[in-house]
Amino acid sequence: MSMIDLSPPAAGQRGPVEHGVRDQIVDAARAHFSRFGYGKTTVADLAKAIGFSKAYIYKFFDSKQAIGQAICAQCLDKVLAGGEAGVVEGKSAADKFRRYFNGLISTSAELFFEDKMLYDIAAHAAEEHWPPAVAYMTSAEDRLKAIILLGRETGEFERKTPIDETCEAILLVMQSFMNPLMLKHNLDGLPEAPTKAINLVLRSLAP
């Protein structure tokens, strides 16, 4: 089940929610974007490559961006899954916190920077605040809040700072490694740099 809550209208999708043709368009678009780049590809290019008419593609997506958003949502789901796997493995709230962010960051680096096409789309999503990027940050904040609340219940984390302020501050600190536009400039520092940031945040959360 997708962790990116994105309704078809918000994603620019049309027609039935579950449809094999939509998946076929997305798969073909991924291959075409990988070869020619997201920015240089038009819907007409995709239609020609897939063997569909532009009109037929528009029955399922209202724009090239909508197709990009579908690809972006799939990728960000994988990033969130990497973080969730860390939460499951963590023994304490602090351990879950550390593993969660390490999972998000390592999965992001692997996905976005081993495939330039995915990076191009992720960069567009972050810069233009596409719905999947916004939904990703909302999901990340929700999971972070749950970890912080667990730590407060177990006595691992301080309880004086309002929970929303705590989460917002942590996400600001971690943006350097969560935002693909910023992560691009911090790849050489992986994994040491995020580890230092995580250690600093955990010290600030101590009661």
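With every protein chain kept in place and ligands, DNA and RNA left out, what is the accessible area per residue of the chain? Probe 1.4 Å, answer in Å².
On the way: 10520 Å² over 207 residues.
Normalised by residue count, the accessible surface of the chain is 51 Å².
Straight-line reach from LYS91: which aspartates and glutamates fall under 15 Å, measuring Cα to Cα and dropping same-chain residues less than 8 apart?
Reachable aspartates and glutamates: GLU153, GLU156.
At R0 = 41 Å, how high is the FRET efficiency between VAL88 and PHE36 if r is their beta carbon distance? Nearest 0.05 is fine.
0.60
Mind jotting down a quarter of the surface of the convex hull over the alpha carbons of the chain, in square nanometres, one decimal? Walk me through the numbers on the way to the answer.
Working: hull surface 47.1 nm².
Hull-based average projected area comes out at 11.8 nm².
Straight-line reach from LYS64: which lysines have Cα under 30 Å away, leaving out those fewer than 8 places along the same chain?
Leaving aside lysines fewer than 8 places away in the same chain, those within reach of LYS64 are LYS40, LYS48, LYS54, LYS78, LYS116, LYS184.
About its Cα centre, how strong a charge dipole does the stretch 67-205 have in debye, to the nearest 20, once Lys and Arg get +1 and Asp and Glu get -1 at the Cβ?
440 debye
Which one, LEU181, ALA140, ALA94, projects farthest toward the positive side of the charge dipole computed for the chain from Cβ point charges (K/R +1, D/E -1)?
The Cα lying farthest towards the positive end belongs to LEU181.
Report ³J(HN,Hα) in whole Hz for each residue of the stretch 109-126, in order, from the Karplus equation J = 6.51 cos²θ - 1.76 cosθ + 1.60 where θ = phi - 60°; Gly and Pro get x.
4, 5, 6, 7, 10, 9, 10, 4, 4, 5, 5, 4, 5, 4, 5, 4, 4, 5
Please give every one of the lysines within straight-line cross-link reach of LYS160, meaning a C-alpha to C-alpha distance under 17 Å, and leave out same-chain neighbours fewer than 8 residues apart.
Qualifying lysines at Cα under 17 Å: LYS145.
Express in nm, to one decimal, how much length is gained between SER53 and VAL134 on full extension, taking 0.36 nm for each residue of separation and deducting their alpha carbon distance. Spell out each step's value before the answer.
Working: separation 81, 0.36 × 81 = 29.16 nm, distance 3.14 nm.
Full-extension gain reported as 26.0 nm.
Once the piece of chain linking ALA44 and ASP115 is laid out straight, how much longer is it, given 0.36 nm per residue of separation minus the C-alpha distance between them?
That works out to 23.2 nm of additional length.
For the stretch 67-205, which whole percent of the accessible surface, found with a 1.4 angstrom probe, sits on carbon and sulfur atoms?
55 percent
The values are calculated or read from the model by the stated rules, or taken from the named source; none is laboratory data. All values reported here derive from a predicted model rather than from experimental measurement. Glycine gets a Cβ as well: all are built from the backbone with ideal geometry, and neighbour counts include every protein chain shown. In case anyone asks, the SASA skips ligands and DNA or RNA and just uses the protein heavy atoms, side chains included. Shrake-Rupley method; radii C 1.70, N 1.55, O 1.52, S 1.80 Å.
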